[in-house]
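Novice: Take this structure, written in structure tokens, and hold onto it; I'll ask about it next.
The values are calculated or read from the model by the stated rules, or taken from the named source; none is laboratory data. The shown structure was predicted, so the numbers you read here are calculated from the model rather than taken from an experiment. Neighbour counts are summed over all protein chains in view; Cβ atoms, including those assigned to glycine, are modelled from backbone coordinates with ideal geometry. Each accessible area value is taken on the protein alone, full model and side chains, heavy atoms only, with ligands, DNA and RNA left out. Shrake-Rupley method; radii C 1.70, N 1.55, O 1.52, S 1.80 Å.
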Amino acid sequence: MELLVALGLIAIKVALLIAMLLLLPLPLTWLERKIAGHMQQRMGPMRVGWHGLLQPVADGIKLLTKEDHIPAEADRFLFKLAPILALAPPFVVFVAIPFGETVSVLNAEITLYVSNLNVALLFVFAVIGLEVYGVIFGGWAANSKYAVLGSLRTCAQMISYEIPMGFAVIGVVMLAQSMSLVDIVRAQSDLWNIVYQPIGFFVFFVAGLAEAQRIPFDLAEAEGDLGAGFHTEYSGIRFAFFMVSEYVIVLLVSVLSVILFFGGWNGILIPLPPLLWFALKVAFFIYVFMWFRFTLPRYRYDQLMAIGWKVLLPLSMANIIITGIAFT
Amino acid sequence: MSRVVDRAGTWIGWALFADLASAFTLTFGYMFSKPVTMQYPDKEKWLPYSRYRGHHFLKRDEEGEIKCVACELCARICPCDCIEVVPYEDENGNRHPAKFEIDTARCLFCGLCEDACPADAIALGQQYEFSSFSSRDLVIGRDDLLDKPGKAMTGGGVVAARLNTDEDVLVETSEPHGYNWWRNIRRT
């Protein structure tokens, strides 16, 4: 009986999580277009619903009803597999992500995470590394030169930036003496990690931008020179899968920044519910992502590699050494 | 000495991402500035300047008689040959057009007919919304041309408007004067 209740609880949590992650890209696309518009002195979507609020719904319906086109020379199996491979890992990662400690519903304490893995951080990095397969297969299977170029760039970029990203969080693990994300947040209840780890946060955030393939590191889908990069040949619902995956990764990097460096659900000064504090911080980081996108140009490919290997990697190493000497 | 200070300042700025910071403050400032979008069919509409060359119109004199004397100079000077005039003589011996047709699908709105007209009878007015589903509907006859709106008296403004799609698609304006669109342009 107890086992059944526990299983049911997990099933409900997973269903809620999937629903949230699938629906969240809708407001995020609206927000991105609004921010883009206002930064360029335009208004963004205005005609569908109040201030264009229903625009993402209209776009979604459009994508669902569009022809799902597969190029004649494409590898059909890989072509169909790639969007699912790109979509699944960002969803799986959220199994290990905590959104808060506990809430009490009907006199029962319910934890705000699916599972508290003791190697959660390792799990996150391992699974998010798989996301690159979707991008590579998508570009390769389409049999288009733009898509192949885009996926080749992505391959190199993801591998280069995962290393500094992994090193950057080692400082956090050293401070918390744990890889569990819940323990890492608990260790920050007095002072957030950003105070001890400014270099770590800088490296993590820049590498996160590159992992999420957002401007200034969006070489995989550089509109100007590659059409749309790896998803040039995708249309309809498969294209929507790639878009959802992109927004979920943006959310993931924001959530990880908050958990690892900005105290998770610990608030400062203003006493708000922990979940609200968490949501506010994540929203701020998502805004920063969009703010970056409409401010910066794109890096050249050799610059991208130089930043990854010659700047971020030494910085993250230095961060580990400094943290090791100063705090242990 | 000052050069050393300048170079040190450059390096400090480089290390602290001064250029990035100024870029972000600029875009952040723009985010809260007023949009310059004119919400054309829904809420606002542009009033053309008086020199604007829109849809042609034919003028009447003080007695309400058509000013045109059917000299066909406009048809002769028209670079795309879109004006067709057939003259007739009324009982007083005055020449007037029996038929005056402009094919606005071919017209390039150069305004040469207006310049060539010796009787100041034809001009290009302020109307700019005359799209059609059929190119045949774009051939405008004499009586329609007489009814078209004339030159704008005041112009260069944005006025409140409303999109009306009840029977015909119409953008209705409610006020004669609007605000100057250029007031929202940000100059830095």
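Novice: Helix-derived [θ] at 222 nm for chain A: sum -39500 (n - 2.57) over DSSP H runs of at least 4, divide by residue count, nearest 500? If you can, show how the numbers build up before the last one.
Specialist: Details: 15 runs with 215 residues, N = 328.
Rounded to the nearest 500, the figure is -21000 deg cm²/dmol.
Novice: Need one word for the range A:1-90: rounded, prolate or oblate. Basis is the Cα gyration tensor (sqrt eigenvalues a ≥ b ≥ c); a/c below 1.5 gives rounded, then a/b vs b/c decides. Walk me through the intermediate numbers first.
Specialist: On the way: a/c = 2.70, a/b = 1.27, b/c = 2.12.
The shape class here is oblate.
Novice: Further question on the same structure: Do you know the relative contact order of chain A, to the nearest whole percent, from alpha carbon pairs under 8 angstrom that are 6+ apart? If you can, show how the numbers build up before the last one.
Specialist: Numbers: 470 pairs, mean separation 70.7, N = 328.
Computed over chain A, the figure is 22 percent.
Novice: Could you check which residue among B:Ser33, B:Ser22, B:Ser135 shows the biggest mean-square fluctuation in a GNM of chain B with a 10 Å Cα cutoff?
Specialist: Fluctuation is largest for B:Ser22.
Novice: Shifting gears a bit: Simple spin-label model, 7 Å along Cα-to-Cβ: A:Leu106 to B:Val36 in nm?
Specialist: 5.9
Novice: Rounded to the nearest 10 degrees, what's the angle between the helix B:18-31 long axis and the longest principal axis of chain B, both from Cα atoms, 0 to 90?
Specialist: Taking Cα atoms only, the helix is inclined about 40 degrees.
Novice: I would also like to ask the following. Do you know which residues of the range A:244-292 lose at least 30 square angstrom of accessible area in the protein assembly compared with their chain on its own, with a 1.4 angstrom probe?
Specialist: At a threshold of 30 Å² (probe 1.4 Å), the residues of the range A:244-292 that become less exposed are A:Tyr287, A:Trp291.
Novice: What is the range B:17-106's relative contact order, in percent, from Cα pairs under 8 angstrom and six or more apart in sequence?
Specialist: Details: 69 pairs, mean separation 14.3, N = 90.
RCO, the range B:17-106: 16 percent.
Novice: With each label point set 7 Å from Cα along the Cα-Cβ vector, what nm distance links A:Asp302 and A:Val14?
Specialist: The answer from the label model is 4.9 nm.
Novice: Could you do me a favour and compute the accessible area per residue for the range B:56-146, 1.4 Å probe, result in Å²? Let's see the in-between values first.
Specialist: Details: 5270 Å² over 91 residues.
That works out to 58 Å² per residue.
Novice: Among the lysines, which have Cα under 23 Å from the Cα of A:Lys80 when same-chain residues fewer than 8 positions away are ignored?
Specialist: Partners within reach: A:Lys62, A:Lys66, A:Lys145.
Novice: Round to a whole number: what % of the accessible area of the protein assembly as shown belongs to carbon and sulfur, probe 1.4 Å? Don't jump to the answer; show the numbers that get you there.
Specialist: Values: 17570 of 27650 Å².
That share works out to 64 percent.
Novice: Could you provide, to the nearest whole Å², the per residue accessible area of chain A with probe 1.4 Å?
Specialist: Working: 15290 Å² over 328 residues.
Value returned for chain A: 47 Å² of accessible area per residue.
Novice: Same structure, new question: Let me check against my output: what whole-number percent is the relative contact order of chain B, with C-alpha pairs under 8 Å and at least 6 apart?
Specialist: Here the relative contact order equals 27 percent.
Novice: Expected output is a single nm value to one decimal: the length gained when fully extending between B:Ala15 and B:Val139, i.e. 0.36 nm times separation in residues minus the C-alpha distance. What is it?
Specialist: Details: separation 124, 0.36 × 124 = 44.64 nm, distance 6.76 nm.
Gain on extension, B:Ala15 to B:Val139, equals 37.9 nm.
Novice: Follow-up question, since we're still on this one. What residues does the range A:21-56 have that are buried by at least 40 Å² of accessible area in the full protein assembly compared to the chain on its own, 1.4 angstrom probe?
Specialist: Buried-area filter returns A:His38, A:Met39, A:Gln41, A:Met43, A:Arg47.
Novice: Per residue, how much accessible area does the range B:1-44 have with a 1.4 Å probe, in Å²?
Specialist: Working: 3370 Å² over 44 residues.
Heavy-atom accessible area per residue stands at 77 Å².
Novice: Taking B:Lys148 as the anchor, which lysines have their alpha carbon closer than 22 Å to its alpha carbon, excluding any fewer than eight residues away along the same chain?
Specialist: B:Lys45, B:Lys59, B:Lys67, B:Lys99
Novice: Rounded to the nearest 100 Å², what is the sum over both chains of accessible area buried where A meets B, with a probe of 1.4 Å?
Specialist: Values: alone 16050 and 13120 Å², together 27650 Å².
Roughly 1500 Å².
Novice: Under 15 Å from the Cβ of A:Asp68, count the other residues' Cβ atoms, weight Lys and Arg +1, Asp and Glu -1, and hand me the total. Could the numbers behind the result be given before it?
Specialist: Values: positive: A:Lys62, A:Lys66, A:Arg76, A:Lys80, A:Arg238; negative: A:Glu67, A:Glu233.
Residues near A:Asp68 contribute +3 overall.
Novice: Same structure again: So, with +1 on the Cβ of K and R and -1 on the Cβ of D and E, and no other charges, what is the size of the charge dipole of the range B:1-110 about its Cα centre, to the nearest 20 debye? Intermediate results must be reported in sequence, preceding the final value.
Specialist: Details: 14 positive and 16 negative charges, 193 e Å.
So the magnitude is around 920 debye.
Novice: With +1 on each Lys and Arg Cβ and -1 on each Asp and Glu Cβ, how big is the dipole of the range B:31-73 about its Cα centre, in debye rounded to the nearest 20? Please list the in-between numbers first.
Specialist: Working: 8 positive and 7 negative charges, 82 e Å.
In total the dipole reaches around 400 debye.
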